[in-house]
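Quick note: the coordinates plus some simple rules give every number you see, no bench work behind them. Keep in mind that what you see is a predicted model, and the values were worked out from it rather than measured. Cβ sites come from the backbone with ideal geometry, for glycine too, and all protein chains shown count toward neighbours.
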Amino acid sequence: MKKYNPFFLTLFFLFTLVSCGDNPVSGKKAGSIEGTILDGVTELALSKAQVTTSPPTFSVTTDTTGHYQIDNVEPGTYRVTASKFGYDSAGVNISVSEGKATTADISLLSDTLSTP
């Protein structure tokens, strides 16, 4: 059986560990976006609302408490948009910082309220 030099094995494992970071190309740590989607009139949480970002990252659905979270978002400026059947879509502009969670709460109005 062939023996391997422990120095090179250690170097290999160290390189592998370092390359598994958030963003090995830019060296920046990813942030996250989280928040709650609410009914704009009743202020009740809206479950199963779709939340997307522009530029695109991930699309997620709110839980039963109206909460959502999008992880591993590159630092930068985004538009977060929420939509749900029976409601008009709405969005907010946010800036995601390196290694930090950014909150983006959004209120949706029923599409029957906006119809003349």
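Only Lys, Arg, Asp and Glu carry charge here, each on its Cβ (+1 for the first two, -1 for the last two); on that basis the stretch 29-108 has a dipole of about 140 debye about its Cα centre. Computed from the C-beta positions of Ser110 and Lys29 and an R0 of 41 Å, the FRET efficiency is 0.55 to the nearest 0.05. Taking the three principal axes of the alpha carbon atoms in the stretch 44-110, the coordinate ranges are 34, 20, 16 Å, sorted in descending order.
Partner aspartates and glutamates whose Cα lies under 17 Å from the Cα of Lys28, excluding those fewer than 8 positions away in the same chain, are identified as Asp71, Glu74, Glu98.
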